[in-house]
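Below: one structure, written as structure tokens.
No value in this document is a laboratory result; all are computed from the given coordinates. Please read these numbers as outputs of a predicted model, since none were measured by experiment. With ideal geometry, Cβ positions are generated from the backbone for all residues, glycine too; neighbour counts draw on all protein chains shown.
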Amino acid sequence: MASYSLTTLFHERQRYVPGVLAVAFSALLIALQCGLLLGLFSITSIPIDHTKADVWMGAPAVLSVDLGRPIPESTLARMGVQPEVERCEIYLQGFAFWSKPEGGSELCMVIGSRLSPDSLGKIDKLTAEQCGMLAEEGTVIIDESDVKRLGVKGVGSTAEISGHPVRVVSLTRGLPSLAGPYVLCSIPTAKKRLPVQQGQTTTYVLGKCRNPQDAPTVVQRLNSYKDVSAFTTGDFSRRTQLHWLLKTKAGIALGYAAALGLLVGAVVTSQTLYAATVASMREYAVLRALGIPRWRIAWMVVSQSFWIGIIGIALALPAAFGLAWTLNRTMGVAMVSLPWWLQSAAAAVTLVMALLSGLYALRSLRQIEPAMLLR
Amino acid sequence: MIDDSLLMPALQGVHLSRSFGQGEMKTTVLHDVSIELYSGQITLLMGPSGSGKSTLLAILSGLLRPDGGKVMALGNDLWALSDQERERFRLRHCGFIFQGYNLFNALTARQQLEMVVRWGEGASARDARRRADDILGLLGLSKKAHLRPAELSGGEKQRVAIGRALIKDPNFCFADEPTSALDWSSGQQVIELLRSAAHDRGATVLVVAHDARIIEHVDRVVDMEDGRLRQHEERETFLHNAVARQQSV
């Protein structure tokens with residue numbers, strides 16, 4: 001059965017090319033759109049994914065890492081007394097206005113953390129040398145991709161955050177931002193420049209477990225306090241990305257684009273199979289006259305749609321990889337993320353689409369009547 | 001001792017009628033036609049265009065339901081069977097050859113034949129190949145088994161179509177204008193193959209054609225005109241009468 005389908009696809013490939021290309025286009029679009037979405041929103045959880053903490057504790061029902069509200073510094077003790085927790089520390093993060101030297105301002109995301117080598121909140125892109133530079137109050141490090149956006153010339157430039165002066169002492173590479181450029185600094189520098197963090201407060205308390213597998217237990221215990229909420233690193237990262245996905249509606253827009261791609265793929269594939277079946281109608285009619293059941297012919301059409309799906313996917317996924325690699329290399333950051341589960345999901349959705357197209361094309365079989373062969 | 005079954009018709013059409021259209025547009029193409037066909041015989045159904053030959057073949061072969069009358073085939077009332085039972089009957093007992101070769105462009109001669117037994121009987125790939133090669137050998141196409149329709153001549157394509165009809169070893173073989181698209185030499189070969197299906201395999205073969213040259217190669221000739229059987233003669237009688245008619249003109 002498969003051999004007849006494949007043989008037909010190969011020898012009449014010109015007839016089937018539109019269907020294969022439509023499937024490939026759909027699979028490529030789905031993979032890239034979702035990969036782009038994934039890549040884009042993984043930017044929002046960079047502070048979580050690029051630090052060493054196992055447990056994050058913040059204000060009650062905090063929606064995402066960038067929307068943390070002040071909690072008392074004293075809550076550090078709650079984390080510290082947990083038997084599974086090896087060490088803990090405070091971590092500051094919040095939006096503030098960056099005043100450009102040439103005038104104008106930009107919303108930025110200030111991140112203040114301890115800077116020692118064993119720090120839990122230090123972004124892993126910071127080198128030991130850079131951490132040393134940040135020890136001086138009023139010094140900050142920004143990403144090279146944000147230099148222009150923040151209106152500075154680079155290392156050595158000065159600006160103000162919340163009316164307090166800052167000096168750029170170094171640049172990171174590959175730390176993209178979405179809502180506002182990341183500004184990395186020490187806890188004292190951040191505290192002075194985040195207006196809501198005055199007094200004995202912090203945005204988060206981070207904890208490191210002796211055994212990372214104990215993190216859910218610690219989280220469960222900490223969540224018994226009503227004035228805080230706690231998450232494991234993975235949960236908080238997903239929560240942050242999901243919040244951005246839903247808040248910005250970008251997911252819906254990209255989802256629509258992917259759905260449109262699927263629809264186009266489905267229509268073209270279905271029409272290709274319909275036309276191919278109609279073109280072979282007299283041959284199928286002979287088989288019907290010979291008593292071959294209709295389902296055998298239907299199976300042939302569905303089998304062709306399966307192979308069209310497989311070939312389309314086989315073309316699309318390497319192309320998606322190539323395009324993602326090129327884009328990521330050009331942008332200098334991981335704009336598109338294509339994990340194995342995303343590729344599998346894109347392949348599965350596309351294959352189902354191809355099979356449904358094949359089923360829809362089966363309406364052509366109704367026209368097949370053996371008596372049509374008699375003159 | 002004569003086998004009684006040979007004296008019984010293998011296929012019998014009784015008082016068959018059929019019309020197309022409705023109201024004033026209604027055209028009756030078969031008027032109370034009865035016919036008997038015997039196994040081991042090749043019968044030629046002749047007549048001018050529009051005389052109802054193909055309609056009669058379609059009704060006798062279970063492809064087109066008659067308005068009236070019945071078709072008895074191997075003891076079955078063909079049109080009293082359900083659609084599925086009739087489909088199974090065709091699968092088990094009927095082979096068809098049409099004017100157009102109707103071969104799949106993408107498949108080789110061997111695959112065109114294999115497909116019928118693999119899909120129809122669920123034959124294994126090995127069995128289907130053996131049977132296809134046997135039939136292609138009988139048709140003189142052993143060396144062309146790997147070729148696709150585009151690489152075959154018209155006569156060769158029709159021989160493949162005959163192979164497709166015969167691979168099931170059917171009791172009945174129906175051929176509608178099987179030679180009309182062929183030159184006489186190829187047409188002759190095709191008729192000889194159908195004749196051998198009747199004589200060597202015991203099949204009941206019904207050929208619809210309007211080429212008088214075929215008469216010499218068949219056992220019986222049935223002549224149709226305006227939806228009625230005009231003659232129903234053994235070949236020799238038909239030839240004799242045809243000559244007589246010609247001389248009287």
Worksheet, complete the sentence: Ranked from fewest to most other Cβ atoms within 10 Å of their own Cβ, A:K122, A:K148 fall in the order A:K148, A:K122
Worksheet item: For chain B, what is the convex hull volume of the alpha-carbon atoms per residue, in Å³?
Response: 152
Worksheet item: To the nearest Å, what is the center-to-center distance of region A:281-327 and region B:41-69, using C-alpha atoms only?
Response: 38
Item to complete: Sequence neighbours fewer than 8 away in the same chain don't count; with that in mind, list the lysines whose C-alpha is under 18 Å from B:K144.
Response: B:K157
Worksheet item: What residue among B:L45, B:L78, B:L139 shows peak mean-square fluctuation when chain B is described by a Gaussian network model with Cα springs under 10 Å?
Response: B:L139
Practice prompt. Name the lysines eligible as straight-distance cross-link partners of B:K70: C-alpha to C-alpha under 27 Å, and not fewer than 8 places from it in the same chain.
Written response: B:K26, B:K53, B:K168
Worksheet, complete the sentence: Put in order of increasing Cβ neighbours within 10 Å, starting from the fewest, B:W79, A:W98, B:W184 give B:W184, B:W79, A:W98
Worksheet item: Taking Rh as the Kirkwood radius computed over C-alpha pairs, what is the Stokes-Einstein D of region A:308-367 at 4 °C in a medium of viscosity 1.567 mPa s, expressed in µm² per second?
Response: 97
Worksheet entry | Ratio of the Cα radius of gyration of region A:140-292 to 2.2 N^0.38 Å, where N counts its residues | 1.91
Practice prompt. May I ask you to derive the FRET efficiency for B:E192 and A:A345 from their Cβ-Cβ distance with R0 = 60 Å, giving the value to the nearest 0.05?
Written response: 0.45
Discussion item. Testing the spin-label approximation: label points 7 Å from Cα along Cα→Cβ at A:V155 and A:E137. State their distance in nm.
Written reply: 2.5
Worksheet item: Once the piece of chain linking A:K249 and A:E369 is laid out straight, how much longer is it, given 0.36 nm per residue of separation minus the C-alpha distance between them?
Response: 38.1 nm
Worksheet entry | Principal-axis tilt of helix B:109-121 within chain B, Cα atoms, nearest 10 degrees | 70
Response to the item:
Counting only backbone N atoms under 19 Å from a point 7 Å out along Cα-to-Cβ of B:A125, the residues of region A:1-27 in range are A:1-11
Worksheet entry | A:I71, B:I215, B:I191 arranged by Cβ crowding within 10 Å, fewest neighbours leading | B:I215, A:I71, B:I191
Worksheet entry | Mean residue ellipticity (222 nm) of chain A, computed from DSSP H runs ≥ 4 via -39,500 (n - 2.57), nearest 500 | -16000 deg cm²/dmol
Worksheet entry | Reference-scaled alpha-carbon Rg (2.2 N^0.38 Å with N residues) for the protein assembly as shown | 1.60
Discussion item. Between B:M25 and B:K143, what's the calculated FRET efficiency when r is the beta-carbon distance and R0 is 51 Å? Round to 0.05.
Written reply: 0.45
Discussion item. Give me the dipole magnitude in Debye, nearest 20, for chain A about the Cα centre, with unit charges on the beta carbon: positive for Lys and Arg, negative for Asp and Glu.
Written reply: 1200
Practice prompt. Rounded to whole Hz and in sequence order, give me ³J(HN,Hα) for region A:114-119 from the Karplus expression 6.51 cos²θ - 1.76 cosθ + 1.60, θ = phi - 60°, writing x for Gly and Pro.
Written response: 5, 10, 5, x, 8, 4
Item to complete: May I ask you to list, by number, the DSSP H helices of chain A whose Cα span along the axis is at least 18 Å and whose average Kyte-Doolittle hydropathy reaches 1.0 or more?
Response: A:13-42, A:250-279, A:340-361
Worksheet item: Under the definition of Cα pairs under 8 Å and six or more residues apart, what whole-number percent is the relative contact order of region A:60-227?
Response: 34
Discussion item. Could you tell me how far the Cα centroid of region B:121-180 sits from the Cα centroid of region A:185-244, in Å?
Written reply: 77
Fill in: Highest-MSF residue in chain B out of B:D223, B:D133, B:D83 [GNM, Cα springs under 10 Å]
B:D83
Discussion item. Of the candidates B:R65, B:R118, B:R228, which one comes out as most mobile in a Gaussian network treatment of chain B with C-alpha springs shorter than 10 Å?
Written reply: B:R118
Item to complete: Stick to the Cα atoms of region A:60-227, pair each with every other, and give me the Kirkwood hydrodynamic radius in Å at one decimal.
Response: 16.6
Worksheet item: If you line up the Cα atoms of region B:9-125 on their principal axes, what length do they span on each, largest first, in Å?
Response: 51, 32, 29
